[in-house]
Amino acid sequence: MALRIRESINLRLINIAGLAVALMLLGAIVSSQSEFFLTERNILNIGRAVAITGVIAAATTLVLIAGELDLSIGSTLGLSGIVTASVLSSGLPLPVGLLAGLMTGVVIGLANAGLVVGIGVNPLIATLGMLFALRGLAYVATNGTPVVVFGLEDFAFLGQGQFLGFPFSVLLLVGVFLAAGFLLSVTVTGGHVYAIGGSRLAAKLAGVPVARIRTTVYVLSGASAALAGMMLASSNGSADPIAGQGIELVVISSVILGGTALTGGRGGLAGTALGIVFLGALSNGMNLMGLPGYWQILVQGVVLLAAVVIDRVVNRT
Amino acid sequence: MTESAHSRVVLEVRGLQKAYGPITAIQDLDVSIRAGEITAIVGDNGAGKSTLVKILAGAESPDDGQVYVNGEAVRLRGPHDARALGIETVFQDLALAPNRDVVSNLFLGRELRLPGPLGTMGVLDKRAMRHRAGEQLESLGVRIPRLSGYPIGAMSGGQRQSVAVARAGFWATVAMLMDEPTAALGVRESQRVLVMARQVADRGLAVVLISHILPHVMELADRVIVMRQGRKVAELTDDISSERLIGLIVGVDAKRVVEDQGLAGPDERQHE
């Protein structure tokens, strides 16, 4: 019972506060070594760097709270970018390309839901299978070569443009977070996502449309990965079949870092926002301090482990 | 209580049959449940009580026979159908979302939305839900300090079951079914839940109670239906003594059972 009491909303605030303190500490340490760290330009750099993982992390927060898991997001990102780039490089108008990319994500989300919700395959296995299948499809479709989309000004805007002095990709990230936060905290559907993550049976007995909500989170997950794929293709000027490989681990790490439980039922977008900013700032800070790349991977792993250990200890005592 | 003004049959089964493979759970069963009454269903394990309640709750469908709600033949394809007809169920295993607060659980699956376009977008009317939850809990004498912002899993089993009963009583318009509602609770917490069951019945709802705890049955029930091997063997409205109930449940002369098993004394729970 003591453990359950610790799962109260107050403790989630403590969790978020802890992460905020860690972020400030990080800021203090890095800025003492590099004056550039806290400049407006560098902060926007961090924002641009985390925009792509962040967009997916928002949806992954919903997925994990609902007690589900989607490992296919990286491959979905890659394939959706290729679909959009191919449509656009064949000369079709921008909205068609964007819609095709987004629909790729939606269809993949529906396929995941079909396996997990419809047939009852374990989400880890189902989406792991999709991870491989979709990556393979991306290679087969492109023969391993990137699809180039140079010279399309309006598409380039998605990943490279500026709007009201901000990078458009950062504004997209903020928009996605606001939309997901709205869904999760004030709507009927958001309440159902939490309830299903807490007890799927109780939710079902209470008349919650469990299958529909579970399907919705997989579709949102696929759509968010598709948006990220198009942002990355726009940013790079080409869609690479390897794009997004391994990103699922970074995304899930930042969501867990933000205090969302892998077991479902607990978490929120404020924590995820801090989680992605923290990981982004950490990576950026390590670059500024000239830490070699191999060390950066090690540090990121240690930070994630530290976060889950602290979470576990705080929730137990 | 037996001849209250409400004594109108609101829930009825006729000729009910249900088998699970070779095992007959219910055989040719006729039962009438009346508004304003607490109808207890007793019987040994495997007597068919839970199957009957599951059929009434829409969780199982009968092989044969008919369910009537307010005199009309109905088909319950799932818990959703039963709920839509005003039949609510309190489950033994506390079927609440442990990570959600009291208000969210009371309204789970039936959330109130804001009026206007925001409501169409699915935005919750948290203030209205909180207000109505407070009213409902107060009217049933449930005192829980924190209705929102505090997960129900952090509360006591008694508080949780009180919320479950309040939820069923809140939404039921015909009947509230309770399958072993006190099985997981202590003495005082059980008493609280039983008092709530009476309050719900006094509002004119039919209450169906399955319980192994015969003192609860004798204390509370206006009518006791005894089941044995899938059949109704007796229906009592007065002279409900534990001796008589045990005799009917096991199907032999009660005095002999009491002597054989050493069951004399106030705690009839031992017969389980």
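None of the figures in this text is laboratory data; all of them are computed from the coordinates on show. Note that the coordinates shown come from a computational prediction; the quantities given were computed from them, not determined experimentally. Note that each Cβ is placed from the backbone with ideal geometry, even for glycine, and that neighbours are counted across all protein chains shown.
Rounded, prolate or oblate for the range A:77-205? Axes are the square roots of the Cα gyration tensor eigenvalues, ordered a ≥ b ≥ c, and the cut-off for rounded is a/c under 1.5. Because a/c hits 1.5 or more and a/b fails to exceed b/c, the range A:77-205 counts as oblate. Here the dipole of the protein assembly as shown is about 840 debye; that uses its Cα centre as origin and unit charges on the Cβ of Lys and Arg (positive) and Asp and Glu (negative). Length gained on full extension, A:R41 to A:T263, computed as 0.36 nm times the residue gap minus the Cα-Cα distance: 76.1 nm. Under 5 Å from the amide H of B:R228 lie the amide H atoms of B:V233, each residue being 5 or more positions distant or on a separate chain, with H modelled from the backbone and absent for Pro and chain starts. Applied to the range B:8-13, the Karplus parametrisation 6.51 cos²θ - 1.76 cosθ + 1.60 on θ = phi - 60° returns per-residue 3J(HN,Hα) values of 10, 6, 10, 9, 8, 10 Hz, with x for Gly and Pro.
What the Cβ-Cβ distance of B:A73 and A:Q33 gives, at R0 = 56 Å and to the nearest 0.05, is a FRET efficiency of 0.10. Determine, at each q value in 0.12, 0.20 (inverse angstroms), the log₁₀ of I(q)/I(0) that the Debye formula gives when each Cα of the range A:172-317 is one equal point scatterer. With no solvent term, the Cα-only Debye profile gives -0.63, -1.38. The orientation-averaged projected area of the convex hull spanned by the Cα atoms of chain B comes to 15.8 nm². With the simple spin-label model, which puts each label point 7 Å out from Cα in the Cβ direction, the A:F163 to A:V140 separation comes to 3.7 nm. Coupling constants for the range A:122-130 follow from the phi torsions by the Karplus curve (6.51 cos²θ - 1.76 cosθ + 1.60, θ = phi - 60°), and in residue order they are 4, x, 4, 6, 4, 7, 5, x, 5 Hz; glycine and proline get x. The Cα center of the range B:141-177 and the Cα center of the range B:217-241 differ in position by 28 Å.
Working note: 222 nm ellipticity from helices only, DSSP H runs with n ≥ 4, each -39,500 (n - 2.57), summed and divided by the residues of chain A, gives -25000 deg cm²/dmol to the nearest 500. Computed on the protein assembly as shown, the Cα convex hull volume stands at 190 Å³ per residue. Neighbour counts of other Cβ atoms within 10 Å put A:F177, A:F166, B:F107 in the fewest-to-most order A:F166, A:F177, B:F107.
Short-range pairs are left out: with C-alpha atoms under 8 Å and at least six residues apart, the relative contact order of chain A is 35 percent.
Using R0 = 45 Å, the C-beta based FRET efficiency linking B:E235 and B:R143 works out to 0.75. Going by neighbour counts of Cβ atoms within 10 Å, the residues A:T127, A:T145 line up, fewest first, as A:T145, A:T127. Please work out the C-alpha center-to-center distance from the range B:30-60 to the range A:11-63 and express it in whole Å. Centre-to-centre distance over Cα atoms comes out at 58 Å. The alpha carbon gyration tensor of the range A:2-316 gives principal lengths a ≥ b ≥ c with a/c of 1.5 or higher and a/b no greater than b/c, which makes the shape oblate. The Cα atoms of the range A:1-151 give a gyration tensor whose axes a ≥ b ≥ c have a/c of 1.5 or more with a/b no greater than b/c, which makes the shape oblate. The Kirkwood radius of the range A:258-317, taken over pairs of alpha-carbon atoms, gives through the Stokes-Einstein law at 10 °C and 1.306 mPa s a diffusion coefficient of 125 µm² s⁻¹.
For the range B:149-241, pairs of C-alpha atoms spaced more than 23 angstrom apart make up 28 percent of the total. Compactness check for the range B:1-78: Cα Rg over 2.2 N^0.38 Å is 1.12. Relative to the longest principal axis of the Cα atoms of chain B, the long axis of helix B:187-202 lies at roughly 80 degrees.
The three principal axes of the C-alpha atoms in the range B:66-159 carry coordinate ranges of 44, 39, 24 Å, sorted with the longest axis first. With a simple spin-label model that places each label point 7 Å from the Cα along the Cα-to-Cβ direction, the separation between B:Q191 and A:A211 comes to 4.7 nm. Averaging the Cα positions of each part gives two centres, and for the range A:271-285 and the range A:156-189 these lie 17 Å apart. Report, for the protein assembly as shown, the % of DSSP beta bridges that are antiparallel, rounded to 5. Approximately 60 percent, going by the DSSP bridge assignments. Going from the residue with the fewest nearby Cβ atoms within 10 Å to the one with the most, A:S199, A:S31, B:S139, A:S90 rank A:S90, B:S139, A:S31, A:S199. With θ taken as phi - 60° and the Karplus curve 6.51 cos²θ - 1.76 cosθ + 1.60 applied, the whole-hertz 3J(HN,Hα) list for the range B:100-116 is 9, 7, 4, 4, 4, 5, 4, 9, 4, x, 9, 4, 8, 10, 4, x, x Hz, x standing for glycine and proline.
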